[in-house]
Amino acid sequence: MSLKPSEGVWTNGEFSFPIRVYYEDTDVGGMTYHARYVSFFERIRSESIRGSAADVSVLMDMPEEEGGPVVYVVRNINVTYHRQSTVGDILNGFSRVTKVRAAAIEIAQRIENEAGELVAEAELLVAIVDNKGRPKRWPQTVKAAWSQWMNEYQSSNDEGAS
């Protein structure tokens with residue numbers, strides 16, 4: 001028997017990923033510890049790029065002539081908490097690209113409970129650096145992937161607003 005870990009899905013340029021709150025995620029009061037949301041956001045981002053041109057393993061193994069090897073670094077994260085979650089809750093995490101820069105991307109993420117209520121949201125600036133920590137420009141294949149996801153989201157929301 002082969003088990004698969006939870007998988008998320010891309011829909012109209014936004015990635016969604018299920019998260020279960022475990023006892024280890026909570027504080028002494030039984031609520032999800034605030035720092036765990038940063039871990040949840042990281043998990044959502046990591047799963048969103050798995051198997052794509054933007055996958056961390058692809059970037060780390062990318063030859064120099066193609067712009068690699070490079071890695072992601074979070075330059076800034078701003079988290080706003082709206083409501084609590086507790087042990088056993090099933091949360092839905094969402095991630096989307098809001099802007100593609102020459103050497104960074106801006107990402108908006110949110111976590112909702114099963115009722116669709118906003119639990120936490122984050123805005124991030126994620127840069128790309130070489131193995132010495134120096135900023136690099138996006139390899140073209142990676143920039144194209146980020147731009148595609150951003151444009152899909154914008155297009156789907158433009159259609160919904162019409």
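About its Cα centre, the dipole of the chain is roughly 460 debye, where the only charges are +1 on Lys and Arg Cβ and -1 on Asp and Glu Cβ.
Between the Cα long axis of helix 140-161 and the first principal axis of the chain there is an angle of about 50°, rounded to the nearest 10.
The label-point distance for SER52 and HIS34, in a model that sets each label 7 Å from Cα toward Cβ, rounds to 3.0 nm. What lysines sit close enough to LYS99 to cross-link, taking a C-alpha to C-alpha distance under 19 Å and skipping anything fewer than 8 places away on the same chain? LYS99 reaches LYS136, LYS143. For the stretch 99-124, the residues whose amide N sits under 16 Å from a probe point set 7 Å from the Cα of THR11 along the beta carbon direction are 110-118. At 222 nm, what helix-only mean residue ellipticity would the chain give, in deg cm²/dmol to the nearest 500, using -39500 (n - 2.57) for each DSSP H run of four or more? So the calculated ellipticity at 222 nm is -9000 deg cm²/dmol.
On C-alpha positions alone, give me the angle between the axis of helix 34-49 and the longest principal axis of the chain, in degrees, nearest 10. Between the helix axis and the principal axis of the chain, the angle is about 50 degrees.
Taken together, the values in this text are just the output of simple stated rules run on the coordinates, not laboratory data. Not measured: the values here are computed from a predicted model. Neighbour counts run over all protein chains shown; Cβ positions are idealised from the backbone, glycine included.
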